[in-house]
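Enquirer: I'd like to ask some things about the structure below.
The values are calculated or read from the model by the stated rules, or taken from the named source; none is laboratory data. Just so you know, these numbers come straight off a predicted model, no measurement behind them. Positions of Cβ are generated from backbone atoms using ideal geometry, with glycine treated the same way; all protein chains shown enter the neighbour counts.
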Amino acid sequence: MSKNTISNSVIRRLPRYYRFLGELENNGYVRISSRELSEKMGLTASQIRQDFNCFGEFGQQGYGYNVSDLRSEIGKILGLDKKTPMILLGVGNLGKAIASHIDFQSKGFDLIGAFDTNEEIIGKELGNLTIKDISELQSFCSEHKPVAAILCVPVNAAASAASQLISLGVKAFWNFTHYDLRMEYDGVIVENVHLGDSLITLSYGLNSIEL
């Protein structure tokens, strides 16, 4: 099946499968059936089999799935065996937290640069990186060719920053701004992250039950 024909809901379940299988592997599981996996994940066994069948035949009749092999295959599907070069724009509190606490290497990325306009932090260390002035962005991209970018810039700068990055060869955005990027460029991918929306969803869930 072509990747273009796989539904977004299936794709968004893959990281969860990957995470659960990692936990199972750490707990000593060698193999697991779709029924057992469904009970642990709160999905149906049929749904799990259908999801995996979108990418090939991973299990064996009467045996189930080899946990390590299945996790490895899902990791390859997700591109976690690659280390895509990524940069960060905006090294405020959120940008610093993301750069400091996300294990990019295990998520398929290599954070190679961080940029800001604040003279007070330019030149300071951020992990193994030195925060650079945004004026160095073009020359840095020309030399190091990042493919992805994290946007933690003010909302009024998001669209222009993304447009500039696209012109410099960036193909994907992890967007933490309050601006919903709707790119009209072929091959550009945007993953919008709205932490406030997630918290509001929690509020809805809390208020939909009797306390």
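Enquirer: Check every one of the helices (runs of 4 or more DSSP H) wholly within the range 30-98 and list those with 3 or more residues that are surrounded by fewer than 15 Cβ atoms within 10 Å (Cβ to Cβ).
Expert: Here the list reads 34-41, 45-53.
Enquirer: Has the range 162-177 got any residue that is buried (at least 17 other Cβ atoms within 10 Å of the Cβ) and touching a Ser or Thr at 6+ places or on another chain (Cβ under 6 Å)?
Expert: Looking through the range 162-177, none of the residues is buried (at least 17 other Cβ atoms within 10 Å of the Cβ) and touching a Ser or Thr at 6+ places or on another chain (Cβ under 6 Å).
For (1) in contact with a helix residue (DSSP H, G or I) (Cβ under 7 Å, 6 or more places away or on another chain); (2) closer than 23 Å to SER7 by Cβ, each residue gets a yes or a no:
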| site | (1), (2) |
| --- | --- |
| TYR29 | yes, no |
| GLU39 | no, no |
| ALA45 | yes, yes |
| GLN50 | no, yes |
| PHE55 | yes, yes |
| PHE58 | yes, yes |
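Enquirer: If a residue has to be over 17 Å from the mean Cα position of the chain (by Cα) and of a type in the set (Ser, Thr, Tyr) to count, how many in the range 8-45 make the cut?
Expert: 5
Enquirer: Of the conditions (1) out of contact with any strand residue (DSSP E or B) (no Cβ under 8 Å at 6 or more places or on another chain); (2) within 24 Å of GLY79 (Cα to Cα), SER163 fails just one. Which one is it?
Expert: Just one mismatch for SER163, condition (2).
Enquirer: Please state which one of VAL91, VAL147 is closer than 27 Å to GLU184 by Cβ and touching a strand residue (DSSP E or B) at 6+ places or on another chain (Cβ under 6 Å).
Expert: None of the others qualify; the one that does is VAL147.
Enquirer: Where the second residue is surrounded by 10 or more Cβ atoms within 10 Å (Cβ to Cβ) and among the basic types (Lys, Arg) and the first is assigned by TED's automatic domain parsing to the domain that holds ALA148 and at pLDDT below 90 and lies in the range 187-211, which pairs have Cβ atoms under 6 Å and are six or more apart or on separate chains?
Expert: GLY187/LYS171
Enquirer: Give me the pairs, please: first residue somewhere in the range 160-177 and within 26 Å of GLY196 (Cβ to Cβ), second residue anywhere and among the charged types (D, E, K, R), beta-carbon distance under 9 Å, and either six or more positions apart or on two chains.
Expert: These pairs meet every condition: ALA172/GLU191; PHE173/GLU191; TRP174/GLU191; ASN175/GLU191.
Enquirer: Is it the case that GLU143 is surrounded by fewer than 16 Cβ atoms within 10 Å (Cβ to Cβ), without any contact (Cβ under 8 Å) to a residue 60 or more places away in the chain, farther than 15 Å from GLY95 by Cα and out of contact with any Cys (no Cβ under 6 Å at 6 or more places or on another chain)? Full working, then the answer.
Expert: Details: surrounded by fewer than 16 Cβ atoms within 10 Å (Cβ to Cβ): yes; without any contact (Cβ under 8 Å) to a residue 60 or more places away in the chain: yes; farther than 15 Å from GLY95 by Cα: yes; out of contact with any Cys (no Cβ under 6 Å at 6 or more places or on another chain): yes.
Taking the combined requirement at face value, the residue satisfies it.
Enquirer: Considering only residues that are among the charged types (D, E, K, R) and either over 24 Å from LYS107 (Cα atoms) or loosely packed, with under 14 Cβ neighbours inside 10 Å (or both), which ones fall in the range 1-29?
Expert: Listed by number, the residues that qualify are LYS3, ARG12, ARG16, ARG19, GLU23.
Enquirer: Which of the following residues is among the acidic types (Asp, Glu) and either modelled with pLDDT of 95 or more or under 18 Å from PHE104 (Cβ atoms) (or both): GLU136, GLU184?
Expert: Only one candidate passes the filter, namely GLU136.
Enquirer: Quick one: count up the residues across the range 49-108 that are of a type in the set (D, E, K, R) and in contact with a Phe, Trp or Tyr (Cβ under 9 Å, 6 or more places away or on another chain).
Expert: Total meeting the criteria: 6.
Enquirer: Quick check: anything in the range 124-134 surrounded by 14 or more Cβ atoms within 10 Å (Cβ to Cβ), among the polar types (S, T, N, Q), free of Cβ contacts under 8 Å to residues at least 24 places away in the same chain and not assigned by TED's automatic domain parsing to the domain that holds LEU14?
Expert: Within the range 124-134, not a single residue is surrounded by 14 or more Cβ atoms within 10 Å (Cβ to Cβ), among the polar types (S, T, N, Q), free of Cβ contacts under 8 Å to residues at least 24 places away in the same chain and not assigned by TED's automatic domain parsing to the domain that holds LEU14.
Enquirer: When you look at LEU70, is it in contact (Cβ under 8 Å) with a residue 40 or more places away in the chain, closer than 21 Å to ILE11 by Cα and in the same structural domain as SER9 (by TED's automatic domain parsing), yes or no?
Expert: When the stated conditions are applied, LEU70 passes them.
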